[in-house]
Amino acid sequence: MFFSKPEIISKKLKSLEDTSKAKLEIGKTVYSKSGEYVGKVYDLIFREHVILGFMISGKKNMFIGNEYIQSESKESIVLNIEPVINLIGKQVFDSTGKRIGTVSRIGRKSNANTYNEIFVKRAFYSFAVPISKDKISVAKKNIILKNAHEPK
Amino acid sequence: MNQNNLITSDDILGKSAVDPEGSILGVVSKVHIEKTDMKIVGITVDMGVTKPDLFIGANFIKEFGKDAILLNRVPTDKFKGLKVMSHHGEYVGKVKDVIEEKGKLKEFIVSGKGIFGAKYSMTYKDIEQIGERIVLKKDRKLNKAKEKIK
């Protein structure tokens with residue numbers, strides 16, 4: 001009985017063919033646009049029975065809205081963004097090759113996938129130094145600044 | 001002679017080599033010096049146990065930094081071993097080899113799933129994004145490789 005085709009009682013839906021089950025979404029691996037591992041889906045968030053997005057456990061627990069999903073398969077979901085949260089833990093070098101530290105925190109003004117500044121720590125006990133976004137040249141695998149960094 | 005412009009081998013050896021995308025390729029293990037001109041011609045980067053050492057010519061070095069050696073080009077060897085996935089996030093295979101022509105990337109050879117997986121070839125046209133993995137464009141299927149891998 002469990003595996004039998006379910007009867008449909010709905011005014012909108014004629015068949016379940018092009019639909020997806022919530023339990024199959026949980027556990028999917030999430031990758032960013034460039035294929036970087038983001039995390040795994042552990043929950044779905046609904047509002048008035050409509051899915052708004054996914055809860056993902058990775059470097060940090062995060063909610064990613066439906067609008068940032070590019071495609072998905074049986075096992076994985078690919079986003080159309082590089083989540084700014086993924087910058088946490090990346091190393092920061094200035095233009096002269098001097099290591100400034102690692103990103104400890106991201107400064108964000110809104111919940112969109114943007115940031116204003118990053119906070120960089122040289123060691124876990126040191127103070128976090130803010131570096132604004134306009135001073136960053138490359139933010140991919142690690143971060144390289146446009147100019148030489150002079151500590152204040 | 002300006003002493004500020006001079007560096008010693010200690011300032012190079014053991015430093016991380018960082019490509020323009022910020023990837024740390026490995027640690028500089030050797031400095032190559034030409035006998036006659038006594039100029040540095042390149043460095044060898046130790047890329048870890050699983051990858052062979054990489055020689056980087058002096059013309060690809062942007063800066064000998066205090067903590068890292070900055071490069072001005074992404075070495076093609078970096079792509080070897082990268083996982084390839086479809087637009088939908090399914091695993092397709094791994095980059096086995098990279099074919100260059102006149103210093104430009106021409107083709108990637110990808111070994112498919114499994115130990116005896118078939119070899120496929122792909123070009124930049126098939127690729128949507130290169131990062132931690134290579135993501136293919138929508139509805140792109142890879143062709144079987146014609147060229148033999150050395």
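What to note about this one:
- A Cβ-based charge dipole, computed about the Cα centre of the range A:1-121 with Lys and Arg at +1 and Asp and Glu at -1, lands at about 340 debye.
- Extension gain, A:Ser104 to A:Ser71, is 8.9 nm, computed as 0.36 nm per intervening residue step minus the present C-alpha separation.
- Nitroxide proxy distance, nm - points 7 Å out along Cα→Cβ at B:Phe116 and A:Lys146: 5.7
- Violating pairs (Cα-Cα greater than 23 angstrom) within the set B:Lys119/B:Lys141; A:Lys90/B:Lys119; A:Lys40/B:Lys78; A:Lys90/B:Lys78; B:Lys62/B:Lys106: A:Lys90/B:Lys119; A:Lys40/B:Lys78; B:Lys62/B:Lys106
- Note on chain A: Kirkwood radius taken over Cα pairs, Stokes-Einstein applied at 20 °C and 1.002 mPa s, translational D equal to 119 µm² s⁻¹.
- Loop-located chymotrypsin sites (Phe, Trp or Tyr not before Pro) in the range B:77-140, at most 14 other Cβ atoms within 10 Å (DSSP): B:Phe116
- 3J(HN,Hα) along the range B:68-79, derived from phi through the Karplus expression 6.51 cos²θ - 1.76 cosθ + 1.60 where θ = phi - 60°, amounts to 8, 9, 8, 9, 9, 8, 7, x, 5, 4, 4, 6 Hz, with x in place of Gly and Pro.
- Considering every alpha-carbon pair of the protein assembly as shown, the percent of pairs per 10 Å bin, from zero through the bin containing the longest distance, is 5, 21, 27, 25, 13, 6, 2, 1, 0.
- The range A:41-146: trypsin sites (Lys or Arg not before Pro) in DSSP loop, at most 11 other beta carbons within 10 Å: A:Lys74, A:Lys109
- Residue list for the range B:25-40, given a label point 7 angstrom along the Cα-to-Cβ vector of B:Lys51 and an amide N cut-off under 17 Å: B:25-30
- A:Glu25-B:Gln3 FRET efficiency (beta carbon distance; Förster radius 45 Å; 0.05 resolution): 0.10
- Helical content of chain A, expressed as a calculated mean residue ellipticity at 222 nm, amounts to -500 deg cm²/dmol (DSSP H runs of 4 or more residues, -39,500 (n - 2.57) each, divided by residue number, nearest 500).
- Amide H within-cut-off set for A:Gly107, under 5 Å, with H built and near neighbours excluded: A:Asn116, A:Glu117, A:Ile118, A:Phe119
- The Rg/Rh ratio for the range B:3-75 is 0.95, where Rg is the radius of gyration of the alpha carbons and Rh is the Kirkwood radius.
- Taking other Cβ atoms within 10 Å as a rough exposure proxy, A:Leu145, A:Leu52 sort from fewest to most as A:Leu52, A:Leu145.
- Whole-number Å³ per residue for the convex hull built on Cα positions in chain B: 143
- Relative contact order computed over the range B:3-75 (Cα-Cα under 8 Å; 6+ residues apart), in percent: 29
- Backbone amide hydrogens, once placed in the peptide plane, bring A:Gly39 within less than 5 Å of A:Val30, excluding anything fewer than 5 places away on its chain.
- Three principal axis lengths of the range B:79-144 [C-alpha, angstrom, descending]: 32, 26, 22
- Computed FRET value (nearest 0.05) for B:Lys39 with B:Glu63, which takes r as the C-beta separation and R₀ as 22 Å: 0.85
- Those trypsin sites (Lys or Arg not before Pro) in the range B:30-66 that DSSP places in a loop and that have at most 15 other beta carbons within 10 Å: B:Lys35, B:Lys39, B:Lys66
- Exposed-site-free run, longest, chain A (rule: GluC sites (Glu not before Pro); DSSP loop; at most 15 other C-beta within 10 Å): A:76-152
Each value in this text was obtained by applying a stated rule to the coordinates, not by laboratory testing. On a predicted model such as this, the values are computed, not experimentally measured, just so you know. So basically every Cβ, Gly included, is an ideal-geometry build from the backbone, and we count neighbours across all protein chains shown.
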